[in-house]
Structures are given as structure tokens and as C-alpha cells.
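Shown next, in C-alpha cells, is the structure this report addresses.
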Amino acid sequence: MSLAGSREAATGPTGRRRLLHYEPPTGWLNDPNGLVHHDGEWHLCYQHHPASSDWGPMHWGHAVSTDLTTWTDLPIALHPDEHGAVYSGSGVVDRHGTAGFGEGALVAIYTQFTPTSQVQSIAGSVDRGRTWQVHDANPVLPQPAGLVDFRDPKVCWYDDGRGGGHWVMVLAAGGDARFYVSRDLVAWEPAGVFAPEPGRPYGVWETPDLFPLPVDGGDPWWVLSAGAAEHGPAGGSATRYWTGTFDGDAFVAYGSSRWADHGADFYAAQSWSDVPDGRRVWVAWMSNWAYAAHVPARAARGQMTLPRQLRLVAAGSGRPALAQRPVDELDARLGRPEVMTMGRGVALDHHAARVTVRSSGSGRAVVDVASGTGGARIVLDVGEATLSVRRTDGAGVGHQFAGTHVAPLARSGAVDIDVWIDHASIEVFADSGRVCVTDLVPDLAAGGRVVVTVTGEGDAELRTVAADDAP
Ligand code: FRU
């Protein structure tokens with residue numbers, strides 16, 4: 001199929017092609033950092049090495065968006081200093097100016113790393129994040145004796161429901177999460193420890209997040225998520241989460257963890273703070289430490305997933321589960337729905353589209369996304385109650401990149417799948433977002449024209465990214 005005008009997506013001066021996923025103008029990107037909504041803008045900072053497309057001394061790169069789908073790059077927010085490189089962390093609006101930067105200041109809370117230390121620092125901005133001032137008291141939280149890994153602070157305001165509250169910081173501390181509390185973002189006191197399992201079966205923890213979310217629109221539960229450095233469901237690093245309670249000091253999980261995404265490329269997920277419409281929206285680094293350094297680089301290496309809005313839904317074992325879907329704003333980037341004929345391939349000139357399949361009965365629905373060198377095959381097997389994604393490695397990433405990633409579905413019978421295809425990735429949301437599989441597919445960027453074919457029972461619909469909107 002040809003898009004209106006059939007123009008190629010615009011390429012920037014450095015040859016990059018941004019369609020739906022954020023990628024930096026140059027250099028290296030990993031985790032999302034400092035996510036905060038402020039004065040109409042969604043701030044997206046990220047682990048960034050501006051000097052090369054390899055990981056190196058970390059800075060916070062910075063972009064903003066008013067719609068979560070198109071991004072404006074800003075100057076680097078935070079640079080390494082005498083306390084170390086700038087590792088991952090979070091951002092908040094300090095409405096009452098508790099930290100001393102001023103009322104309504106943006107405050108970034110982050111780890112500073114040297115080969116012998118991991119300490120926590122803060123910086124503030126009173127000009128909508130355009131310039132940042134590091135705090136005189138840095139580091140505000142030293143490393144506890146005997147703890148090697150102590151990083152990635154996520155801070156939120158805990159409202160005690162009685163007109164008061166305090167700041168809460170959750171940190172990845174080896175194979176546990178540790179909580180600290182503060183009145184001013186500067187002086188931090190230790191609070192709870194969440195240590196659900198001995199022996200670090202999934203390697204060190206990284207990039208925790210903590211937030212309340214209503215279950216099926218009713219009473220809230222708390223979600224604690226964390227990166228697992230190893231043994232993810234598709235190998236390597238992945239994101240898992242627990243649901244439970246949080247009393248302002250300590251988190252208590254109800255049962256064991258679940259994977260937030262069964263693909264290989266959903267890591268270091270973080271949610272935005274201070275979102276005015278009450279949505280919980282998160283985004284993740286769309287890569288995996290197992291091979292991130294070997295993914296083909298264009299002008300830059302590394303991209304984010306689509307921003308996703310979250311729900312908690314009732315699920316098995318009496319504990320609610322996350323359901324995710326790309327933010328509603330993305331719909332504005334898509335063209336009119338077109339019915340797809342089963343078995344007939346459709347060429348995507350722009351390599352960005354959303355394919356929705358509503359399966360019927362107990363059969364299979366297959367979505368093939370193929371380029372000249374390879375691609376991905378998505379199989380929804382309603383009888384077996386599985387969703388699987390097989391991807392090729394024509395681009396030569398290595399490190400067991402090619403393979404099949406299988407996710408169990410909570411139910412059998414008719415299920416919907418939503419497949420978002422961009423120039424080098426697919427994100428699949430099944431069963432109204434209860435099951436997600438996110439995979440980089442460099443063949444889609446490397447192998448020329450991309451053809452999508454749906455086979456099986458049910459209905460399929462295609463919506464492409466409108467040519468005029470390609471940035
Ligand atoms: C997670 C992580 C964090 C760390 C950052 C360094 O991907 O390893 O723990 O702060 O990346 O870039």
C-alpha cells in the first residue's frame with residue numbers, strides 16, 4: 001500500500017529517522033530518566049553518552065514533548081562532575097520549594113557513579129528544565145557500608161491522606177529495594193526494605209519504580225517495578241513488578257513478581273511524575289544489556305519504547321496485574337483504518353503502522369512483518385493460549401538475538417492483538433494489553449521495503465503513520 005504522497009519519512013541532518021519512537025540526535029541512549037510532567041511539557045531525560053554511540057561517561061540527555069509522540073531535543077541536562085558520572089534517576093515538581101531551589105522547581109534525583117562509589121545527588125531547575133543547578137549538599141545520600149550496588153533513585157510524594165505527606169525514595173540495592181523518606185529532598189532517613197527472595201535469581205536490581213494505581217478503576221493497589229539484570233523471559237535483562245501495599249515507609253507484596261513484558265527489549269521502565277490528568281504513563285529503554293552494544297547504530301544507538309498508559313486489572317491468584325497500551329495521543333499520528341485481506345501482503349512505505357487483529361474461535365492468527373533480510377512473525381495461538389514472536393537477525397547483532405519469545409495468555413478463546421511496527425521494532429499488546437511483547441527487529445530497518453501479511457481467522461485492520469506527520 002502506498003501512503004498519501006508516498007514520500008519517504010524525513011531524515012534529519014544526521015540521517016536519523018524518527019517515526020513513533022524517541023531516539024537521541026546523536027550518541028548513545030539507555031534508560032529513561034527524570035520523567036516529570038510540568039507546565040504542559042513531558043520531560044524525557046535519558047542515560048546518554050554524547051561523544052559516541054557506545055556506552056561511556058553518562059550524562060542526562062533531554063527532550064520534551066507536549067503530546068508524547070513528537071519530541072524536541074534540549075541541551076544536555078546533567079553532566080558528570082567531581083561526584084561522578086550521572087546515572088539513572090527520577091524527577092519531581094517541588095511545589096513548595098522544599099529543596100531550596102524555589103517554589104515549583106523541577107528537581108532531578110540521580111545516582112553519581114565512580115568505580116568505587118554509588119551515591120545519590122539532586123539538581124534543580126527554575127526555568128522549565130532548560131538549565132539545571134546541582135545542589136551544594138551533594139551527594140545528599142551516601143552509600144551504606146557494605147553495599148556495592150545502590151542506585152537509580154525513584155522519588156514520589158507520599159500523601160498521607162490527612163493533609164500531610166513526605167517524599168519517598170526507592171533505590172535498587174543489590175537484590176533488594178530500599179526505601180528512604182525526606183521532608184526536603186536533601187536529608188534522607190532510611191525506611192523499609194523490600195527483600196522478597198534470597199540469592200538474586202535475576203541478578204542485581206536496577207531502576208525501581210513505585211506508584212499507586214486503581215484496580216479496574218476502583219481502589220488503588222501499589223506497584224513496585226524493577227529491572228532484573230539477568231534471566232529475563234527472553235534472556236538477558238527485563239522488567240518485573242509486584243503488586244501490594246505501601247504505607248509510606250515499606251512495601252509489602254502480595255505474592256511473587258510478574259514480567260511487565262515478555263519480549264527481549266523492555267528495560268528500565270519508569271513512569272512520569274506529576275501527570276495532571278491522573279494517568280500513569282511509563283516508557284522503557286527498548287534494548288537489552290545482553291546485546292545493546294551490538295545493535296546497529298545509525299546516527300545514534302538506542303531508542304525508547306512507545307509511552308504506555310497503565311491499568312491494574314483483576315487477575316489470577318487474587319493479585320491484580322498490569323495492562324498496558326500505547327498512549328491515546330499516538331492515535332492522532334495514525335491514518336484511517338483500512339481492512340486487511342487475510343493472506344494478502346501490504347507494503348509499508350514508512351515502516352510505521354499499527355495492525356489490529358481480532359481473532360475468532362480457537363484457531364491461530366499470524367502477523368508476518370518481513371523485509372528483504374528477515375523480520376518478525378507474531379503468532380497468536382488461541383487454543384494453546386500463547387502469544388509468540390519469532391525474530392530474525394539478518395543485521396548480525398549476534399548474542400542469541402534471533403529467537404522466539406513466548407508469552408502465556410491468561411485465557412483461551414477470542415483475543416485481540418495490537419501490533420505497533422516502527423522502523424526497527426515491534427511492540428505487541430494482546431488481550432487488551434494484559435500481555436506485551438516488545439522486540440527490536442533491526443531487519444525492518446536494514447532490509448528495504450517492509451511487507452505485513454496477516455493470516456488466520458478473524459478480522460485485521462491497518463493504520464499507518466500519516467506521511468505529513470512524519471517528523
Ligand atoms: C540500567 C543501568 C542503571 C544505571 C544505568 C547506567 O540499565 O545499569 O542501573 O544507573 O543503567 O547507565
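The values are calculated or read from the model by the stated rules, or taken from the named source; none is laboratory data. What you see is a predicted model; the values in this text were computed from it and never measured. Counting neighbours? That spans all protein chains shown, and the Cβs are built from the backbone with ideal geometry, glycine included. For accessibility, only protein heavy atoms count, side chains too; no ligands or nucleic acids. Shrake-Rupley method; radii C 1.70, N 1.55, O 1.52, S 1.80 Å.
Confirm whether Val148 is among the β-branched types (Val, Ile, Thr), buried (at least 19 other Cβ atoms within 10 Å of the Cβ) and on the phi < 0 side of the Ramachandran plot.
On the way: among the β-branched types (Val, Ile, Thr): yes; buried (at least 19 other Cβ atoms within 10 Å of the Cβ): no; on the phi < 0 side of the Ramachandran plot: yes.
Here the answer is no, as Val148 does not meet what is asked.
Among the residues of the stretch 158-212, how many are surrounded by fewer than 17 Cβ atoms within 10 Å (Cβ to Cβ), in contact (Cβ under 8 Å) with a residue 60 or more places away in the chain and more than 27 Å from Asp136 (Cα to Cα)?
2
Would you call Arg279 within 14 Å of the ligand (Cβ to nearest atom) and charged (D, E, K, R)?
Numbers: within 14 Å of the ligand (Cβ to nearest atom): no; charged (D, E, K, R): yes.
No, not satisfied.
Do we find a residue being of a type in the set (Ser, Thr, Tyr), buried (at least 20 other Cβ atoms within 10 Å of the Cβ) and within 19 Å of Tyr180 (Cβ to Cβ) anywhere in the stretch 46-59? Break it down stepwise before answering.
Our first condition is that a residue be of a type in the set (Ser, Thr, Tyr); within the stretch 46-59, this holds for 46, 52-53.
From the residues that got through so far, the ones that are buried (at least 20 other Cβ atoms within 10 Å of the Cβ) too are 46, 53.
Okay, now just the ones that are also within 19 Å of Tyr180 (Cβ to Cβ), so none.
Among the residues of the stretch 46-59, not one is of a type in the set (Ser, Thr, Tyr), buried (at least 20 other Cβ atoms within 10 Å of the Cβ) and within 19 Å of Tyr180 (Cβ to Cβ), which makes the answer no.
Looking at the stretch 376-394 only, could you name the residues that are surrounded by fewer than 23 Cβ atoms within 10 Å (Cβ to Cβ) and not acidic (Asp, Glu)?
Result: Arg377, Val379, Gly383, Ala385, Thr386, Ser388, Arg390, Thr392, Gly394.
Looking at Gln270, Gln309, Gln324, can you tell me which residue is touching a residue at least 24 places away in the same chain (Cβ under 8 Å), surrounded by 16 or more Cβ atoms within 10 Å (Cβ to Cβ), closer than 17 Å to Val437 by Cβ and of a type outside the set (Phe, Trp, Tyr)?
Checking each option against the conditions leaves just Gln324.
For the stretch 278-294, what are the residues that are at pLDDT 95 or above and open to solvent by 20 Å² or more (accessible area, probe 1.4 Å)? It would help to see each step written out before you state the result.
So the first thing to find is which residues in the stretch 278-294 are at pLDDT 95 or above, and the list is 279-294.
Within the stretch 278-294, Arg279, Arg280, Trp289, Ala290, Ala293, His294 meet the criteria.
I'd like the residue in the stretch 238-266 that is part of a loop (DSSP other than H, G, I, E, B), among the small types (Gly, Ala, Ser) and farther than 30 Å from Arg301 by Cα and, out of all such residues, is least open to solvent (accessible area, probe 1.4 Å). Can you show your working first?
Initial filter on the stretch 238-266 (part of a loop (DSSP other than H, G, I, E, B)): 247-250, 254-257, 260-266.
Restricting the remaining residues to those that are among the small types (Gly, Ala, Ser) gives 248, 250, 255-257, 260, 263-264.
Retained after the next criterion (residues that are farther than 30 Å from Arg301 by Cα): 248, 250, 255-257.
Details: Gly248: 1, Ala250: 33, Gly255: 52, Ser256: 75, Ser257: 34 Å².
Restricting to residues being part of a loop (DSSP other than H, G, I, E, B), among the small types (Gly, Ala, Ser) and farther than 30 Å from Arg301 by Cα, the top hit is Gly248.
Collect the residues in the stretch 425-436 that are of a type in the set (Gly, Ala, Ser) and open to solvent by less than 10 Å² (accessible area, probe 1.4 Å), keeping them in residue-number order.
So in the stretch 425-436, the residues of a type in the set (Gly, Ala, Ser) come out as 425, 430, 432-433.
Correct list: Ser425, Ala430, Gly433.
Given (1) more than 23 Å from the chain's Cα centre (by Cα); (2) open to solvent by less than 20 Å² (accessible area, probe 1.4 Å); (3) at negative phi, identify the lone condition not met by Ala108.
Failed condition: (1).
Restricting to the stretch 219-256, name every residue that is of a type in the set (Phe, Trp, Tyr), farther than 16 Å from Leu312 by Cα and under 18 Å from the mean Cα position of the chain (by Cα).
Within the stretch 219-256, none qualify.
Mind counting the residues in the stretch 23-71 that are part of a loop (DSSP other than H, G, I, E, B) and among the hydrophobic types (A, V, I, L, M, F, W, C)? Break it down stepwise before answering.
Applying the first criterion (part of a loop (DSSP other than H, G, I, E, B)) to the stretch 23-71 yields 23-26, 39-40, 50-58, 66-71.
The next check asks that each one be among the hydrophobic types (A, V, I, L, M, F, W, C); those that pass are 51, 55, 58, 68, 71.
The total comes to 5.
Since Glu103 meets every condition but one in (1) among the charged types (D, E, K, R); (2) within 16 Å of the ligand (Cβ to nearest atom); (3) part of a loop (DSSP other than H, G, I, E, B), which condition does it not meet?
Checking Glu103 against (1) among the charged types (D, E, K, R); (2) within 16 Å of the ligand (Cβ to nearest atom); (3) part of a loop (DSSP other than H, G, I, E, B), the one that fails is (2).
Residues to consider are Asp381, Asp368, Asp459, Asp443; find the one that is more than 19 Å from Thr341 (Cβ to Cβ), in contact (Cβ under 8 Å) with a residue 40 or more places away in the chain and of a type in the set (D, E, K, R).
On the way: Asp381 fails: in contact (Cβ under 8 Å) with a residue 40 or more places away in the chain; Asp368 fails: more than 19 Å from Thr341 (Cβ to Cβ); Asp459 fails: more than 19 Å from Thr341 (Cβ to Cβ).
Only one candidate qualifies: Asp443.
In the stretch 117-139, which residues are out of contact with any Leu (no Cβ under 7 Å at 6 or more places or on another chain) and polar (S, T, N, Q)? Don't jump to the end; show me each part of the working.
Quick first cut of the stretch 117-139, residues out of contact with any Leu (no Cβ under 7 Å at 6 or more places or on another chain) only: 117-118, 121, 126-128, 131, 133-139.
If the condition is that a residue be out of contact with any Leu (no Cβ under 7 Å at 6 or more places or on another chain) and polar (S, T, N, Q), then Ser117, Gln118, Ser121, Thr131, Gln133, Asn138 are the ones that fit.
Of the conditions (1) touching a Phe, Trp or Tyr at 6+ places or on another chain (Cβ under 7 Å); (2) crowded, with 24+ Cβ neighbours inside 10 Å, Asp418 fails just one. Which one is it?
(2)
Sort out which residues of the stretch 217-231 are in a loop (DSSP other than H, G, I, E, B), open to solvent by less than 70 Å² (accessible area, probe 1.4 Å) and away from the ligand (no atom under 16 Å from the Cβ), and write them in order of number. Steps first, please.
First, the residues of the stretch 217-231 that are in a loop (DSSP other than H, G, I, E, B): 217-219, 229-231.
Next, from what is left, pick out any that are open to solvent by less than 70 Å² (accessible area, probe 1.4 Å): 218, 229.
Once the filter is applied, which keeps residues that are in a loop (DSSP other than H, G, I, E, B), open to solvent by less than 70 Å² (accessible area, probe 1.4 Å) and away from the ligand (no atom under 16 Å from the Cβ), the stretch 217-231 yields only Gly218.
Considering only strands (runs of 3 or more DSSP E) fully contained in the stretch 146-216, which possess at least 1 residues that are within 16 Å of the ligand (Cβ to nearest atom) and under 19 Å from Gly97 (Cα atoms)? Even if it seems obvious, please write down each step before you answer.
On the way: elements: 151-159, 165-173, 176-182, 189-194, 205-214.
Counting at least 1 such residues, we get 151-159, 165-173.
For (1) away from the ligand (no atom under 16 Å from the Cβ); (2) touching a strand residue (DSSP E or B) at 6+ places or on another chain (Cβ under 8 Å), each residue gets a yes or a no:
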{"position": "Asp39", "(1), (2)": "yes, no"}
{"position": "Ala51", "(1), (2)": "no, yes"}
{"position": "Gly61", "(1), (2)": "no, yes"}
{"position": "Leu68", "(1), (2)": "yes, yes"}
{"position": "Tyr87", "(1), (2)": "no, yes"}
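I need the full set of residues from the stretch 279-325 which are of a type in the set (Lys, Arg), part of a loop (DSSP other than H, G, I, E, B) and within 22 Å of Leu19 (Cα to Cα), in order please. First the steps, then the outcome.
Let us first name the residues in the stretch 279-325 that are of a type in the set (Lys, Arg), namely 279-280, 298, 301, 308, 311, 319, 325.
Next cut, part of a loop (DSSP other than H, G, I, E, B) only: 279-280, 298, 319.
Arg298, the sole residue that qualifies.
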